[in-house]
Amino acid sequence: MQNLLKRVRIIGDPVLKNKSNSLNFPADVPFIMNLVEDMRKTLDMAEGLGLAAPQVGESVRLFIATPDHLEELNGHVVFINPEIRPYGEMEKREEGCLSVPGIYEILSRPSRVELRAKDIHGNSFTLDVGGLAARLILHECDHLDGILFVEKLSPIKRKLLKGRLKKIKERGTV
Ligand code: NI
């Protein structure tokens with residue numbers, strides 16, 4: 001268990017700052033299959049809602065969601081090369097991240113999102129979701145652009161968190 005948890009990259013790790021690259025079909029399918037298998041195990045152990053590839057050290061545009069939101073996500077758990085259009089009212093919601101362990105903060109984001117992505121077989125699909133599913137998609141897509149949710153907090157909140165974030169970075173693991 002510890003080995004898998006250790007693989008989640010923690011704030012301060014440069015891989016979390018990268019803009020990730022798109023995946024190619026069918027060339028990358030074997031890589032994708034292995035990566036998704038690994039990420040599913042990691043997400044199960046770590047008990048998060050979602051996990052993006054950069055969080056396990058891979059700068060590629062892929063994220064997974066827990067099966068808890070299967071219905072809202074129309075049966076999809078793997079999202080590859082996602083393109084999104086956030087819309088709707090801004091909504092306040094508490095967020096956390098496996099790469100920023102122990103920090104939970106209220107963050108405002110658009111309440112809904114339209115998404116187009118590919119599944120593990122390279123088939124395109126679209127979704128139009130709100131609620132927690134929208135929040136999950138927006139959070140994970142930020143990871144693919146090298147953005148952590150704590151970077152989107154107000155300057156005052158960031159200042160208040162500075163000491164705790166520094167400690168997490170120094171410790172470097174969960
Ligand atoms: Ni996260």
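The values are calculated or read from the model by the stated rules, or taken from the named source; none is laboratory data. For clarity, every value in this text was computed on a predicted model and none was experimentally measured. Here Cβ is always computed from backbone atoms with ideal geometry, including for glycine, and neighbour counts include all displayed protein chains. These area figures cover heavy atoms from the full protein model, side chains too; ligands, DNA and RNA do not enter into them. Shrake-Rupley method; radii C 1.70, N 1.55, O 1.52, S 1.80 Å.
Which one, 76, 108, 42, is farthest towards the positive end of the dipole of the chain when Lys and Arg carry +1 and Asp and Glu -1 on their Cβ?
108
Can you find, among 53, 8, 31, the residue farthest towards the positive end of the dipole of the chain? Put +1 on the C-beta of Lys and Arg, -1 on that of Asp and Glu.
Towards the positive end, the residue furthest out is 8.
Can you send over the carbon and sulfur percentage of the accessible area for region 2-171, probe radius 1.4 Å, protein chains only?
49 percent
Pick from 102, 48, 75 the residue whose mean-square fluctuation is largest in a GNM of the chain, springs joining Cα atoms under 10 Å.
Highest fluctuation among the options: 75.
Taking the Cα centre of region 83-160 as origin, work out the dipole magnitude from +1 charges on Lys and Arg Cβ and -1 charges on Asp and Glu Cβ, in debye rounded to 20. Walk me through the numbers before you get to the answer.
Numbers: 12 positive and 13 negative charges, 51 e Å.
So the dipole magnitude of region 83-160 works out to roughly 240 debye.
Nearest 500 deg cm²/dmol is fine: what mean residue ellipticity at 222 nm does the chain get from its DSSP H runs of n ≥ 4 alone, each adding -39,500 (n - 2.57), divided by its residue count?
Computed ellipticity for the chain at 222 nm equals -10000 deg cm²/dmol.
Quick one: dipole size for the chain, taken about the Cα centre, charges +1 on Lys/Arg Cβ and -1 on Asp/Glu Cβ, in debye to the nearest 20.
In debye, rounded to 20, the chain gives about 1020.
In the calculated pair distance distribution of region 1-149, what percentage of Cα-Cα distances lie above 26 Å?
Taking all Cα-Cα pairs of region 1-149, the fraction more than 26 Å apart is 17 percent.
With the cut-off at 1.5 for a/c, could you classify region 1-85 from its C-alpha gyration tensor as rounded, prolate or oblate?
Details: a/c = 1.43, a/b = 1.07, b/c = 1.33.
Rounded, since a/c falls under 1.5.
Given points 7 Å out from each Cα along the Cα-Cβ axis, report the residue 170 to residue 71 separation in nanometres with one decimal.
In this crude spin-label approximation the distance works out to 4.6 nm.
Can you pull the one-decimal nm distance between simple spin-label points at residue 89 and residue 41, each 7 Å off the Cα toward Cβ?
4.4 nm
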